[in-house]
Amino acid sequence: MAHVVFLRAANVGGRNVFRPAQLAASLKHLDVVNVGAAGTFVVRGKASAAAIRKEIATQLPFQPEIVICPGKQILDLIASEPFRGIALSKDQRGWVAALTGKPKSSLPLPASAPKGKDWCIRIDRVDGGFALGIWRRSAKGFVYPSDFLENTLGVSATTRGWETLLRIAKILET
């Protein structure tokens, strides 16, 4: 089964800069497909998560936090339709965060920031190694999902838009 790789804090704010397409090309023996510029990959070749982690780490000029999960987990997450009934748009987007470990704290969900009806980020559910929620545009500013998650759940995470997960699912299904 394929694996999905999420690099944390890669190509963000001028830090940990690399070219994802070049990394994918250098790992062509693992049949790696690059998904966007944030460090998201589908590995379709036969390899263990440990072998994939080692291969990626040797190719990068920095030491990223890497989350690797079986492709089936992504397909199961998509099949669960976590945003059913929610109108997603450019002003209200679904997101998924790959967690680097188990949450250190639990809290009643949904949890939002800021609190109250004027929230701009909300965690709706934690499902295995993922947290899911909604981000909405706000005139009061931007709350970055990973920062909110890390402060709320006590574990680092790397966040992708729901659209990215749908793209990953299409790659996994081909």
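The values are calculated or read from the model by the stated rules, or taken from the named source; none is laboratory data. If you're wondering where the values come from, they're calculated on a predicted model, not measured in any experiment. Note that we place each Cβ from the backbone using ideal geometry, even for glycine, and neighbour counts take in every protein chain shown.
Of all residues in the stretch 1-33, how many are farther than 12 Å from VAL67 by Cβ, in contact with a strand residue (DSSP E or B) (Cβ under 6 Å, 6 or more places away or on another chain) and part of a strand (DSSP E or B)?
Residues meeting the conditions: 2.
Among the residues that make up the stretch 39-57, is at least one of them under 21 Å from SER146 (Cα atoms), without any contact (Cβ under 8 Å) to a residue 12 or more places away in the chain, out of contact with any His (no Cβ under 8 Å at 6 or more places or on another chain) and outside any helix (DSSP H, G or I)?
Within the stretch 39-57, not a single residue is under 21 Å from SER146 (Cα atoms), without any contact (Cβ under 8 Å) to a residue 12 or more places away in the chain, out of contact with any His (no Cβ under 8 Å at 6 or more places or on another chain) and outside any helix (DSSP H, G or I).
Kindly indicate whether ILE78 is farther than 19 Å from GLY39 by Cβ and assigned to a loop (DSSP other than H, G, I, E, B).
Criteria not met by ILE78.
Would you call PRO61 in a loop (DSSP other than H, G, I, E, B), touching a strand residue (DSSP E or B) at 6+ places or on another chain (Cβ under 7 Å), under 22 Å from SER156 (Cβ atoms) and not acidic (Asp, Glu)?
In short, no.
In the stretch 81-127, what residues are out of contact with any Ser or Thr (no Cβ under 6 Å at 6 or more places or on another chain), under 20 Å from GLY154 (Cα atoms) and part of a loop (DSSP other than H, G, I, E, B)?
GLY101, LYS102, PRO103, LYS104, SER105, SER106, LEU107, PRO108, LEU109, PRO110, PRO114, LYS115
Given the condition within 18 Å of LEU165 (Cα to Cα), exposed (fewer than 13 other Cβ atoms within 10 Å of the Cβ) and either modelled with pLDDT of 90 or more or in contact with a Pro (Cβ under 7 Å, 6 or more places away or on another chain) (or both), answer yes or no: does some residue in the stretch 53-65 qualify?
So far as the stretch 53-65 goes, no, none of its residues is within 18 Å of LEU165 (Cα to Cα), exposed (fewer than 13 other Cβ atoms within 10 Å of the Cβ) and either modelled with pLDDT of 90 or more or in contact with a Pro (Cβ under 7 Å, 6 or more places away or on another chain) (or both).
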